[in-house]
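The values are calculated or read from the model by the stated rules, or taken from the named source; none is laboratory data. These numbers were taken from a predicted model, which means no experiment stands behind them. So basically every Cβ, Gly included, is an ideal-geometry build from the backbone, and we count neighbours across all protein chains shown. Please note that ligands, DNA and RNA were not included when accessible areas were found on the heavy atoms of the full protein model with its side chains. Shrake-Rupley method; radii C 1.70, N 1.55, O 1.52, S 1.80 Å.
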Amino acid sequence: MSKLLLTGARGFTGQHFTKAAQQAGYEVHPLSADMTNAKAVAIEIAAAAPDFVVHLAAISAVTHADEEALYRVNLFGTLNLLKALVALPQAPKLVLLASSANVYGNADTSPIDESICPAPVNHYAMSKLAMEFMSATFADRLPLVTVRPFNYTGIGHDMRFVIPKLVEHFARRVETIELGNLDVEREFNDVRTVCEAYLRLLQQGQPGHKYNVCSGRPVSLKSVIDALRKISGHDLQVNVNPDFIRANEVHRLCGNPAKLEACIGSLQYPPLEDTLRWMLSAGA
């Protein structure tokens, strides 16, 4: 059984990925050390001696108030991880690093493929792009694959994000909700399919490459609200709060999955309505 070291195991994606990896036959070792503590990370990784590594640990909210923390965790935490992996007697077979489609910013082209030059418009995206450039300095010593997932959701998603916030309000049949820009378009894919993509990349991903993890099926936030109204039978009143609208908002984020599919084959993304029903069944 292959040992898989997983950072961010207690997070939203990490919990779903742990189940998927165990079902796929991996022995999952969650990293418990604080990513910003280089010594603790090195000690734990030396003891684990993993065959594979999936690095999900990050501060993932664009609106996170502590901008310096974004870099401490997302950039320097990853540096601590990679330095510890390089120090192992035998390198892992593959190290998967989770970046973000937010690195593309407001791209002129849509759908976005991996050749588009990143243009981050917030510190979260900038911290992820900085991580990508930093990790490239380890490419001669570690087999690194970088993923840029587009928006996805599912049960257990943090309420700071718009889809779980909406689902929670519909589940409780609240009368009103305040949101920001309703005209943004995003892919709202299913976390379970994203986990499947990561598992396939562990076996088929090409070191040194970056892959968009996406469906190429963007929807407007308005259409998500309409779908939730239809599924729940509840007519939630949505009020736009100008304070929630970011000046540097990314208006449309849609990816081209061609490179990913050429590598791992096609993925079966469930219809958004199915994902929303799944989340409503859990109340979040």
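Along the positive direction of the dipole of the chain (beta-carbon charges: Lys, Arg +1; Asp, Glu -1; about the Cα centre), which of Ile43, Ala171, Gly14 reaches farthest?
Ile43
Considering only DSSP beta bridges where both residues belong to region 127-284, give the percentage that are antiparallel (nearest 5).
15 percent
Can you give the FRET efficiency for Glu175 and Gln268, using 1/(1 + (r/R0)^6), R0 = 30 Å, r = Cβ-Cβ distance, to the nearest 0.05?
Between Glu175 and Gln268 the formula returns 0.25.
Could you work out the Kirkwood radius for the chain, taking every pair of different alpha carbons, averaging 1/r and inverting it, reported in Å?
Every distinct Cα pair counted, the radius reaches 19.5 Å.
With a probe of 1.4 Å, find how much accessible area the chain has per residue, and write the answer as a whole number in Å².
Spelled out: the 1.4 Å probe surface of the chain, per residue, equals 45 Å².
So how strong a dipole does region 22-75 carry about its Cα centre when Lys and Arg Cβ are +1 and Asp and Glu Cβ are -1, to the nearest 20 debye?
Charge dipole of region 22-75: 60 debye, to the nearest 20.
Taking the Cα-to-Cβ direction at Asp108 and at Val238 and moving 7 Å from each Cα, how far apart do the two end points lie in nm?
For the pair Asp108/Val238, the computed spacing is 3.1 nm.
Hey, what did the chain get for relative contact order, percent, Cα under 8 Å, at least 6 apart?
The value is 20 percent.
Using only Cα atoms, locate the centre of region 195-225 and the centre of region 78-133, then give the distance between them in Å, rounded to an integer.
14 Å
Between Ala24 and Lys222, what is the label-to-label distance in nm when each label sits 7 Å out along the Cα-to-Cβ direction?
In this crude label model, Ala24 to Lys222 measures out at 3.9 nm.
Charges on Cβ only, +1 for Lys and Arg, -1 for Asp and Glu, centred on the Cα centroid of the chain; of Thr137, Leu4, His157, which one is farthest towards the dipole's positive end?
Value computed over the given set: Leu4.
Going by average Cβ neighbours within 10 Å, how do the peptides 196-208, 4-16 rank, with the highest at the top?
4-16, 196-208
Going down the list Lys165/Lys230; Lys165/Lys210; Lys128/Lys259; Lys3/Lys128; Lys39/Lys83; Lys93/Lys210, which pairs span over 22 Å between their C-alpha atoms?
Beyond 22 Å: Lys165/Lys210; Lys3/Lys128.
Run the accessible area of region 29-150 with a 1.4 Å probe and give the carbon-and-sulfur part as a rounded percent.
Carbon-and-sulfur percentage of accessible area, whole number: 57.
Run through all the Cα pairs of region 161-251 and give the fraction in each 5 Å bin from 0, expressed as whole percent.
3, 11, 19, 19, 15, 12, 9, 7, 4, 1
In nm, to one decimal, how far is the Ile43 label point from the Arg72 one, both placed 7 Å along Cα→Cβ?
The answer from the label model is 2.0 nm.
Once R0 is set to 30 Å, what does the formula 1/(1 + (r/R0)^6) return for the Cβ-Cβ distance between Asp34 and Asp140, expressed as a FRET efficiency to the nearest 0.05?
E between Asp34 and Asp140, to the nearest 0.05, is 0.60.
Would you mind checking region 137-171 for residues with the amide N under 14 Å from a putative spin-label position 7 Å along Cα→C-beta of Val86?
Correct set: 137-144.
Pop out the carbon and sulfur fraction of the accessible area of region 172-284 as a percent, whole number, probe 1.4 Å.
46 percent
So if we plug the beta-carbon distance of Ala119 and Ala258 into 1/(1 + (r/R0)^6) with R0 = 22 Å, what FRET efficiency do we get, rounded to 0.05?
Efficiency at R0 = 22 Å is approximately 0.55.
Where is the GNM fluctuation largest for the chain (alpha-carbon springs, 10 angstrom cutoff): Pro242, Pro92, Pro271?
Its mean-square fluctuation being the largest, the pick is Pro242.
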